[in-house]
1. Identify which of the listed values of Kirkwood radius over Cα pairs in Å was calculated from the structure shown: (1) 16.5; (2) 14.4; (3) 14.7.
2. Expressed in nm to one decimal, what extension gain is obtained for the pair A51 and T118 from 0.36 nm per residue of sequence separation less their Cα-Cα distance?
3. Per-residue HN-Hα couplings for the stretch 113-121, Karplus 6.51 cos²θ - 1.76 cosθ + 1.60 at θ = phi - 60°, whole Hz, x for Gly and Pro?
4. Taking amide H atoms as placed 1.01 Å from N in the peptide plane, list the residues 5 or more away in sequence, or in a different chain, whose amide H sits under 5 Å from that of F120.
5. If you roll a 1.4 angstrom probe over the protein chains with everything in place, what fraction of the accessible area of the chain belongs to carbon and sulfur, to the nearest %?
6. Taking the chain as a Gaussian network, Cα atoms linked when under 10 Å apart, which of S57, S46, S96 shows the biggest mean-square fluctuation?
7. Quick check for you: with a 1.4 Å probe and neighbouring chains kept, what is the accessible area per residue of the chain, in Å²?
8. Taking 0.36 nm per residue of separation and subtracting the Cα-Cα distance, what length does fully extending I37 through S60 add?
Amino acid sequence: MLLYSCGHHHTASAVVLDNGNKWAANPETTTGINNMINMVEAFASSDDSQAYKKLESTLSDEFTMIFKNCTMQGEAHNQLHNYLLPIKDLFDGLKSKELKTQQDSFEKLKNHLNLYATFFK
């Protein structure tokens, strides 16, 4: 169980739709995710381990702001956290000492971020 700055405890579960519909997200969350998507898309895949660590640092700052500005409640809030929690593990991969782990985490993070629009509006 994890505690984030929104003040709630969460365990990660699979994200589900709201009876087939997307969840309404607060604008700050959507902006933060879009900022992260733009950072990832602007990143040129690299063989430089330090480049992945720098990317993780800037992404982590944006990620922190998403939690800091968390105003969602109820099941939409729970589903948002189900979506966000796996990102933390992917950040750990970007900080790895192994370049292959960093590259794999980058690809997984890119794919995960692009799933946001599948579940949230």
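The values are calculated or read from the model by the stated rules, or taken from the named source; none is laboratory data. Since we're looking at a predicted model, the values are computed, not measured. Surface areas here come from the heavy atoms of the whole protein model, side chains and all, with no ligands, DNA or RNA. Shrake-Rupley method; radii C 1.70, N 1.55, O 1.52, S 1.80 Å.
1. So the structure-derived entry is (3).
2. Details: separation 67, 0.36 × 67 = 24.12 nm, distance 2.90 nm.
Here the answer is 21.2 nm.
3. 4, 5, 7, 3, 5, 6, 10, 10, 10
4. When sequence neighbours closer than 5 places are left aside, the close amide H contacts are W23.
5. Values: 3380 of 6670 Å².
That share works out to 51 percent.
6. So, out of S57, S46, S96, the one fluctuating most is S46.
7. Details: 6670 Å² over 121 residues.
Heavy-atom SASA per residue in the chain reads 55 Å².
8. Working: separation 23, 0.36 × 23 = 8.28 nm, distance 1.25 nm.
So the extension gain works out to 7.0 nm.
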